[in-house]
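Working notes, beginning with the structure itself.
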Amino acid sequence: MKQRILKGIPAAPGISVGKAFLFDTHEITQIIKRPILEEAVIGEVKRFKETLNKTRNEILKIKDKISKEIGAEHGEIFNAHLLVLEDSMLIDEVITRVKKEHLSAEYVFQEVLKKYIKAFTRIDDEYLKERMSDINDVGRRILKNLIGAKHDSLSELKVPVIVIAYDLSPSDTASMHKDKVTAFATDIGGRTSHTAIMAKSLEIPAVVGLEEITSSVKNGDTVIVDGNNGLVIIHPAQETIRDYEHQKKGFEERERSLFGLRDLPAETPDGHKVEIVANIEMPEEVPSIIYHGAQGIGLYRTEYFYMNRADLPTEEEHYEAYKSVAQKMAPHSVIIRTLDLGGDKFLSHLEVPHEMNPFLGWRAIRFCLARPDIFKVQLRAILKASAHGNLKVMYPMISGLEELRQANAILKEVKEELKSKNTPFDDNIQVGVMIEIPSAAIISDLLAKEVDFFSIGTNDLIQYSIAVDRVNEKIAYLYEPTHPGVLRLIKRIIENGHNAGIWVGICGEMAGEPELVPILLGLGMNEFSMSSALIPEIKRIIRSLSMAQAKEIAERALSFSTGREVEEFAMAKLKEILPEAELK
Ligand code: PEP
Ligand code: MG
């Protein structure tokens, strides 16, 4: 069989070589049209209601298990499932039709469910699409309970496999054990889907959005999942397997050797210190980032709080999460970024209209300034939690001074309220902005006078300065962190920050790109924030070159005219710095 490579979206890093196991989640089993007798109707309706109850109990149990094992926030996802079970329109329609048409509950339920799913599929809205997967997931569970079938469960696998599925629900993913599911790959899904988030937390390599993986793979086929690059290799050639096994071994060995660096500072041999900190999405990631040697949190993306739920998070929920992270990380600092909803981050039930250009739309700080009621709840919780550790606040998507001033005015109001109630908080809490919009980069001299720090969001800064949609595969070749325009902006931001006496960090993906770190270091970057798994490698690079060398590299990098030249130069330099490093 010829080797075939499918390209998808990398959802969780790591490599696995193994046998495919097709997990059927997409199609609801065809159920035959079974008529029932008139006198059986009441019993059938009763059976349907009992099944709903049984399903409800099952979901509550899973929710409880997940909350205990992985954390309350993951458990919250199942609230959406419970809501489906309370959907009176769906339930009433089934009951009415069973009574009227004298057909079995499973047949009628299946028909109604199909109708719902079809209607949802036609709607072009990310949030509703997410809801569709909830309905699908609960629907399958109800159907299986109605027909008395045993659930296919990924928790009962006996041998290690690579799971291949159309989609995986949160309950499927959560029931996976790392020693049995060594990786997974799905037809649909994006980087921000529940499934991808969960895979990262469980540290299971995963690729999503492959479109045709279920129709390309059969049970038992050998496949390789390359979660680092978003690739799945079907029927890999012996040579490819050898190559990946080698990569995997190298990866594991490097991880082990890097572990020794965990407690050492990120300091160049000539004594220049920087901070290496982590990006997190969920409080549950804290043990893992500590394990990898993070000296703090440079970006806590709080928007996940607002997603996958039917209501807004309460102040208490925010507070508990921030307090627990602050306490666990103390005395290290934790930068909490205020709500950055919009763009490619799927919308919650907040009434944000569908927009032509969501990346340029009503999002992030723009949304928060228009909805101070929602913004204040978060700010109040951050301030209250600041009494328990070292917290900092950071606003996303600041485009100019006025936005910063408005946000600060709201923060001040909240502080006054808390003071009037004698609620303790850190009145000197540092406030920073993300520099991720070119206008903010250009006026960073002005912004620097009114904040305590900058964190450069290169994911967006590159997108906006090169006008290249960060999620569009077709123009991915234009997405160049080494573009001279981007490097000049970064240089300018750092200089303006330093001239005003504030520190400057970076929390975009660029912070964790090994070959770019010497350039960023040489430009004077004070803090590097990244996914925790990248920390040891980046620390090793920083400990391997002098600041004088880094400055020279940065200066040289800025003298090139194209991104490609910079990239080639940076790669060559990295090979000199770490001759044994395995390079991409
Ligand atoms: C960025 O834009 O670089 C960033 C870190 O934020 P996000 O990826 O959440 O937009
Ligand atoms: Mg951003």
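Measuring nothing but how far apart in sequence close Cα pairs (under 8 Å, 6+ apart) lie, relative to its length, the chain scores a relative contact order of 14 percent.
Close amide-amide hydrogen proximity is noted between Ala278 and Gln295, Gly296, Ile297, Gly298, Leu299, Met530, each under 5 Å apart and 5 or more residues distant or on a separate chain (H modeled in the peptide plane; Pro and chain starts excluded).
Share of antiparallel DSSP beta bridges in the chain, in percent to the nearest 5? Don't skip to the answer; put the middle values down first.
Working: 19 of 59 bridges.
If I count the DSSP bridges inside the chain, around 30 percent turn out antiparallel.
What does the charge count around Met1 come to, taking other residues whose C-beta lies under 13 Å from its C-beta (Lys +1, Arg +1, Asp -1, Glu -1)?
Values: positive: Lys2, Arg4, Lys218; negative: Asp221.
Result for the neighbourhood of Met1: +2.
With the simple spin-label model, which puts each label point 7 Å out from Cα in the Cβ direction, the Leu558 to Glu245 separation comes to 4.9 nm.
State whether the range 39-147 is rounded, prolate or oblate according to the following rule on the C-alpha gyration tensor (a ≥ b ≥ c being the square roots of its eigenvalues): a/c under 1.5 gives rounded; otherwise a/b larger than b/c gives prolate, and the remaining case gives oblate.
Values: a/c = 2.91, a/b = 1.40, b/c = 2.08.
Oblate shape, in that a/c is at least 1.5 and b/c is the bigger or equal ratio.
For the range 221-267, the dipole from Cβ point charges (+1 on Lys and Arg, -1 on Asp and Glu) about the Cα centre works out to 80 debye, to the nearest 20. When +1 charges are put on Lys and Arg Cβ atoms and -1 charges on Asp and Glu Cβ atoms, the dipole computed for the range 273-332 relative to its Cα centre reaches about 340 debye.
Dipole of the chain computed with +1 at Lys/Arg Cβ and -1 at Asp/Glu Cβ about the Cα centre; of Asn459, Gly361, Val159, farthest Cα towards the positive end is Val159. Only helical runs count toward this figure. For the chain, summing -39,500 (n - 2.57) over DSSP H runs of n ≥ 4 and dividing by all residues gives -14500 deg cm²/dmol at 222 nm.
Using the 1.4 Å probe convention, the accessible area of the chain works out to 44 Å² per residue with neighbouring protein chains retained.
Simple point charges give the picture: +1 on the Cβ of Lys and Arg, -1 on the Cβ of Asp and Glu, and for the range 39-147 a dipole about the Cα centre of about 380 debye.
Under 9 Å from the Cβ of Glu567, count the other residues' Cβ atoms, weight Lys and Arg +1, Asp and Glu -1, and hand me the total.
Values: positive: Arg564; negative: Glu480, Glu515, Glu565, Glu568.
Charge balance in the 9 Å sphere: -3.
Summarising the strand pairing of the range 302-433, around 10 percent of its internal DSSP beta bridges are antiparallel. FRET efficiency for the Ala72 to Ala330 pair, using the beta carbon distance and R₀ = 30 Å, is estimated at 0.90.
By accessible area, using a 1.4 Å probe on protein heavy atoms only, the chain has 53% of its surface on carbon and sulfur. The simple spin-label model puts a point 7 Å past each Cα toward its Cβ; for Leu37 and Ile5 those points are separated by 6.5 nm.
Ellipsoid semi-axes for the chain, based on the Cα gyration tensor and the rule √(5λ), read 44, 31, 21 Å when sorted largest first. Using a simple spin-label model with pseudo-atoms 7 Å out from Cα toward Cβ, Leu83 and Glu320 lie 1.9 nm apart. Extension gain for Leu264-Glu417 works out to 50.9 nm (0.36 nm per residue, less the C-alpha to C-alpha distance).
The values are calculated or read from the model by the stated rules, or taken from the named source; none is laboratory data. Small disclaimer: the values here were computed from a predicted structure and weren't measured. Every residue, glycine as well, gets a Cβ built from its backbone with ideal geometry; the counts of neighbours run over all protein chains shown. Ligands, DNA and RNA are excluded from the accessible area calculation, which covers all protein heavy atoms including side chains. Shrake-Rupley method; radii C 1.70, N 1.55, O 1.52, S 1.80 Å.
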